[in-house]
Amino acid sequence: MQIGIVGKPNVGKSTFFAAATMAPAEIANYPFTTIHANKGVAYVRTPCPCKTLGVVCNPNNSACVDGTRSVPIEMLDVAGLVPDAWQGKGLGNQFLDDLRQADALINVIDVSGSTDLEGNPGNPGTHDPRQDIEFLRKEIEYWIREILKNGFNKIARQTKMTGEKVETAVHGRLAGLNITESQIKQALRDVSPPEDPTKWDDDILLKISVRLRELSKPMIVAMNKADIAPPGNIELVKGISGTAVVTMAEAERALRKAAAAGLVRYSPGSGTFDVIDPGKLNENQKRALDRISQMMRQYGGTGVQRCLEMAAFETLDLITVYPVEDEGKYTDHFGRVLPDAFLMPRGSTAKDLAYRVHTDLGEKFIRAVNAKTKRIIGSEYVLQDGDVIKIISGK
């Protein structure tokens, strides 16, 4: 799974990325700091079954602290988007191409309104942050439409002549955007275009593209720079986006660095932190931490971890499943207990998990065992959150 960090230049995208992943990223107060996409790994928290099973786990691809498993997700920080990027303005073509494989997007905006649409800095309150959401949606939707539009007349004529399903032909054009045929079917049902695809004009293609963006690239708004936002800005943004989270990426990054340096005790996602030894802090550090503590009390934390977990568990509706080789001891062939945690779309089956672990397991799938209940399950068994599953395959 890949989550893209998007937005106009100079709103804190790279700071958000660095805070979430602790990966190095160039950060500066001018547009187009990010030229090439940055990739990193962040983690989302979920209950580990070790507690209910009464075992001590030995995580391999993740970490477990006191029964909470941190599962990795891939993050992508792309170049800033400016108006008319879909026509190639700024770094638009590169930005949009980088987003092809993203499953969900976190749109980082400057909720303080201190940067214009081009990403140029100004004073808080001089720009309406709602425009940042509307224009970014539009850029992605027009980008999808242009890809669909390229060669669509030929596709429309062919499907009309051969009787091929139009969603199959459209999927051939959009598969590179990580858009599934089922999402295309859903979009066509919702838009209800003319039965004859040769009658689909630019407006119809745009309506289809809008729905495809909603289905294939769902978006969460990270209201960054909330600590300097004028009164009312946060509520204005929430009014046009049901999935908006107050974030303070710079504060999150500072806390993670301070925790790594042994200055504070802080768990990402927590609403508080503790200073370990105040005597080790200089006056500037004390003032900065006091300010961060005050803002965290106001908003319930920095919001960065909340954004990641909302994307994974609410927007994408993922569940966590634990494949094992020994259903009695919950171990892999190295003897590690509950070694791996995989994020799977809700509704996935035991066979889907087999393919996720290894293609050969999927192709040679025979049956599986629910390690919690010790019951045999078939290929169509629908996985539940927290399942521990043994896959049995042929030679």
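Conditions (1) at pLDDT below 95; (2) within 30 Å of Ala229 (Cα to Cα); (3) of a type in the set (S, T, N, Q), marked per residue:
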residue	(1), (2), (3)
Ser270	yes, yes, yes
Ile276	no, no, no
Gly279	yes, no, no
Asn282	yes, yes, yes
Leu289	no, yes, no
Phe313	no, yes, no
Val324	no, no, no
Thr349	no, no, yes
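Of the residues in the stretch 28-35, none is out of contact with any His (no Cβ under 8 Å at 6 or more places or on another chain), at pLDDT below 90, within 18 Å of Leu177 (Cα to Cα) and assigned to a loop (DSSP other than H, G, I, E, B).
For Arg306, the conditions (1) in contact (Cβ under 8 Å) with a residue 40 or more places away in the chain; (2) touching a Pro at 6+ places or on another chain (Cβ under 8 Å); (3) part of a helix (DSSP H, G or I); (4) not aliphatic (A, V, I, L, M) all hold with the exception of (2). Just to be sure before I move on: is Val111 surrounded by fewer than 22 Cβ atoms within 10 Å (Cβ to Cβ) and of a type in the set (A, V, I, L, M, F, W, C) in the structure I sent? Judged against the criteria, Val111 is not a match.
The set of residues in the stretch 368-386 that are surrounded by 18 or more Cβ atoms within 10 Å (Cβ to Cβ) and either aliphatic (A, V, I, L, M) or not in a loop (DSSP other than H, G, I, E, B) (or both) comprises Ala368, Val369, Asn370, Ala371, Ile377, Leu383. Search the stretch 14-27 for residues being at pLDDT 90 or above and of a type outside the set (Gly, Ala, Ser), and hand back the single one that is farthest from the chain's Cα centre (by Cα). Filtering first and then ranking leaves Thr15.
Checked against (1) touching a residue at least 40 places away in the same chain (Cβ under 8 Å); (2) assigned to a helix (DSSP H, G or I), Ala222 meets all criteria but (2). Can you confirm whether Ile389 is at pLDDT 95 or above, surrounded by fewer than 16 Cβ atoms within 10 Å (Cβ to Cβ), assigned to a strand (DSSP E or B) and in contact with a strand residue (DSSP E or B) (Cβ under 9 Å, 6 or more places away or on another chain)? For Ile389, the condition - at pLDDT 95 or above, surrounded by fewer than 16 Cβ atoms within 10 Å (Cβ to Cβ), assigned to a strand (DSSP E or B) and in contact with a strand residue (DSSP E or B) (Cβ under 9 Å, 6 or more places away or on another chain) - is not met.
The values are calculated or read from the model by the stated rules, or taken from the named source; none is laboratory data. Keep in mind the model is a prediction, meaning the values are calculated, not measured. Don't worry about glycine lacking a Cβ; one is built from the backbone with ideal geometry, like all the others, and counts go over all protein chains shown.
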